[in-house]
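Report on the following structure.
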């Protein structure tokens, strides 16, 4: 089956080539209620392909800015901050636009914090460059929102998907593959929960760089497998998947921390985010296997050299990610 991935990797590389750097990290908007009529607006706009983010924040017309807005330039983003006054404090149903977001491929995670300590969230996307402010959410709304957020995160997490792809290439047999994927799921669920709940903490940049190394390791393992040599991952895939899954869980937790958890529904939100991650992962695995099935019907014999194309393609991407992330420390 591995030879059929030689063509997949080209598409995979082209599609993910945009994600080599941190330019694709999402923006974040925080609206914090200070008094019944005043709110602090904090918008973090990340650097987008080494230039200021093209999206511009547009607040509702009847909101009045109090004082002078400030902009703080950070190494990876610009932090826009202002205080606004809203007549009667009525902002439920209000719409905040991000002009120009439709010309990008990044999202905006919005968080609204109220005086009573409750929080609500929304996501703006290029296909919908605005968010509507909502008050208290029901448990069903929280469950749906965090499930969608989990699916969105894994399907846009190109490094995590590359790791899963490498496992698919190395592990043979449906039963061994199922055990391996389950082991990876169990491991990253443990560290995702531990990091999100504050039980453990690991700095984000070293985690991201080490995740790139984990992919590079699997690429080297794949080279060995294709040469018919002994491989640790081929012999004990569930152990390797579990060890690196613990690492990837910290990466998932970093993304979740950017969005935050509703204080009144922490266990539910955490559970459904993890469910969303798994659903996205299943979608990816299913799509890859379906593509392999189609390629098998198109052509039955592939040149011998094509077996190594996926390994070197994955390894090249992982090495680039590692160098890029280390240079950003």
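The values are calculated or read from the model by the stated rules, or taken from the named source; none is laboratory data. Please read these numbers as outputs of a predicted model, since none were measured by experiment. Positions of Cβ are backbone-derived with ideal geometry, glycine not excepted, and every protein chain shown enters the neighbour counts.
Would you call residue 68 more than 30 Å from residue 165 (Cβ to Cβ), at pLDDT 90 or above and more than 21 Å from the chain's Cα centre (by Cα)? When the stated conditions are applied, residue 68 passes them.
Tell me which residues, restricted to region 48-72, are outside any loop (DSSP other than H, G, I, E, B) and over 17 Å from residue 33 (Cα atoms).
48, 51, 56, 57, 58, 68, 70, 71, 72
Please count how many residues of region 73-83 are part of a strand (DSSP E or B) and within 19 Å of residue 98 (Cβ to Cβ). So the count comes out to 6.
Quick one: is residue 287 over 20 Å from residue 107 (Cα atoms), in the same structural domain as residue 170 (by TED's automatic domain parsing) and out of contact with any helix residue (DSSP H, G or I) (no Cβ under 6 Å at 6 or more places or on another chain)? Can you show your working first?
Numbers: over 20 Å from residue 107 (Cα atoms): yes; in the same structural domain as residue 170 (by TED's automatic domain parsing): yes; out of contact with any helix residue (DSSP H, G or I) (no Cβ under 6 Å at 6 or more places or on another chain): yes.
It is true that residue 287 is over 20 Å from residue 107 (Cα atoms), in the same structural domain as residue 170 (by TED's automatic domain parsing) and out of contact with any helix residue (DSSP H, G or I) (no Cβ under 6 Å at 6 or more places or on another chain).
Checking each residue in region 115-144 for being at pLDDT 85 or above, part of a loop (DSSP other than H, G, I, E, B) and either crowded, with 16+ Cβ neighbours inside 10 Å or outside the structural domain of residue 91 (by TED's automatic domain parsing) (or both) picks out 126, 129, 133. Inspect all residues belonging to region 97-114 and state whether any of them is in contact (Cβ under 8 Å) with a residue 40 or more places away in the chain, closer than 22 Å to residue 61 by Cβ and in a helix (DSSP H, G or I). For region 97-114, residues in contact (Cβ under 8 Å) with a residue 40 or more places away in the chain, closer than 22 Å to residue 61 by Cβ and in a helix (DSSP H, G or I): present.
Looking across region 73-111, the residues that are within 21 Å of the chain's Cα centre (by Cα) and farther than 27 Å from residue 205 by Cα come down to 98, 102, 103.
Number of residues in region 217-246 that are closer than 26 Å to residue 150 by Cβ, surrounded by fewer than 23 Cβ atoms within 10 Å (Cβ to Cβ) and touching a helix residue (DSSP H, G or I) at 6+ places or on another chain (Cβ under 6 Å) equals 3.
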